[in-house]
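Working notes, beginning with the structure itself.
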Amino acid sequence: MVLAFQLVSFTYIWIILIPNVCAASNIKMTHQRCSSSMKQTCKQETRMKKDDSTKVRPQKYEQLLHIEDNDFAMRPGFGGSPVPVGIDVHVESIDSISETNMDFTMTFYLRHYWKDERLSFLSTANKSMTFDHRLTRKIWVPDIFFVHSKRSYIHDTTMENIMLRVHPDGNVLLSLRITVSAMCFMDFSRFPLDTQNCSLELESYAYNEDDLMLYWKHGNKSLNTEEHMSLSQFFIEDFSASSGLAFYSSTGWYNRLFINFVLRRHVFFFVLQTYFPAILMVMLSWVSFWIDRRAVPARVSLGITTVLTMSTIITAVSASMPQVSYLKAVDVYLWVSSLFVFLSVIEYAAVNYLTTVEERKQFKKTGKISRMYNIDAVQAMAFDGCYHDSEIDMDQTSLSLNSEDFMRRKSICSPSTDSSRIKRRKSLGGHVGRIILENNHVIDTYSRILFPIVYILFNLFYWGVYV
């Protein structure tokens, strides 16, 4: 009986427990399958989010750079050592050089390097971030200005040409594209054979050497230029970088950087436009030494023409130069050339005067004018510019200048008197060389040699000193 009861109880327990155990095992297996499928789904969703970065909300640069948490009105490390600011410059072009205004215009890229730990940020890839001009209004930047500048501006086409690059460790690069017109204190004592030394000076406006240390970032290599940079009137001989200190009585000492460049002028333009015409005018004035001294209109006209031409050349050169209070090299040459031209006119005045004095002495001594100095021929030459043959003029020994004698001399030179004209042409054709030599004054003879020799010596001395 007892055995039968135990058997029935065991059977009843088996029937009840077996389905529950199977159900529990089935639930566990199902849960494991569901959890594995959920993990795969989560990974796929995460991978999709990484692939599609537009669904990730970016962090604002104000929060990333801690702009709102710091006071950027103060320099980095305020109250401590001065902040080092490195500079390098890439010169794009020298746009113009003005002698009249004594200035130059230069376009270049100005780059600043400094470290501001307040701008440091976390970056797993250690990559820098680049911004435009809008961030420069919210952070501290060096206040560099150009000493002796007249005009300057930052290019703004199509946006302001400002680039700001911030590195994770707080190092900052600020690059600007600037055009500056600045003073150049030129010395024109050797113009146009001169060499000009100009410089552009950079300095902090508000921070003296106790707050900001300005230096060239890469030493002498901090200044670079374009390979094919050239100017119309100048040859760029050298570009160099230097540094120094500037003292102001009210604010103290400031670091100052210098962009130095040397300009040598091309002289060939001035040789063609100034020196060569001046030489031609001087040589043209010497032609009067070979003209008959009795040809007053010819020699006076030639002398006045060369003097006026030299005055025009001097005026044209002075108009394009500043009004300096010292002599320039071109002034020396032009004024000496003008002196030679003027002396040629004075030389003929002396020849004409001495000829007249000699004729008067001859007349007082003999009471008769010699063939060489016939007063009728001289006066007729002065009035009508026509040469009168000595053989014909000898028949007219009267010294009176009445109307009959004057009409007679005029008829000699008139085209209506064919026989007189033919006779005069034959006489001049055979004896023109002898007549010119006999009627030249001794001053003309010496001037033909003396003037060219002295002018050549002057040119040798001038070009030897200034070149």
### Probe 1.4 Å, all protein chains present, accessible-area order of GLU358, GLU347, largest first
GLU358, GLU347
### Query
How much net charge surrounds SER96 when only the other residues with a Cβ under 13 Å from the Cβ of SER96 are counted, with Lys and Arg +1 and Asp and Glu -1?
-1
### Summary
Amide H neighbours of ARG190 at under 5 Å, excluding residues fewer than 5 places away on the same chain, with H built from the backbone geometry, are ALA329
## Note on the structure
Given backbone amide H placed at 1.01 Å from N, residues whose amide H is under 5 Å from that of SER243, ignoring those fewer than 5 places away on the same chain, are PHE258
### Query
Amide H neighbours of PHE131 under 5 Å, counting only residues 5+ apart in sequence or on other chains, H built in-plane at 1.01 Å?
LEU164, ARG165, VAL166
## Note on the structure
Which of LYS138/LYS221; LYS150/LYS328; LYS221/LYS328; LYS217/LYS328 exceed 30 Å between C-alpha atoms? The answer is LYS138/LYS221; LYS221/LYS328; LYS217/LYS328
### Task
Determine how large the accessible area of LYS138 is when every protein chain is in place; take a 1.4 Å probe and give Å² rounded to the nearest 10.
90 Å²
### Query
Among residues other than HIS218 whose Cβ falls under 11 Å from its Cβ, what is the net charge (Lys/Arg +1, Asp/Glu -1)?
+2
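Compute the Cα gyration tensor for the range 60-264, then decide on rounded, prolate or oblate, letting a ≥ b ≥ c be the square roots of its eigenvalues: rounded whenever a/c is under 1.5, prolate when a/b is larger than b/c in the other cases, and oblate in all that remain.
The shape class here is prolate.
The values are calculated or read from the model by the stated rules, or taken from the named source; none is laboratory data. Note that this is a predicted model, so its numbers are computed, not measured. When we count neighbours, we look across all protein chains shown, and the Cβ atoms used for this are built from the backbone with ideal geometry, even at glycine. Note: areas computed on protein heavy atoms with side chains; ligands, DNA, RNA excluded. Shrake-Rupley method; radii C 1.70, N 1.55, O 1.52, S 1.80 Å.
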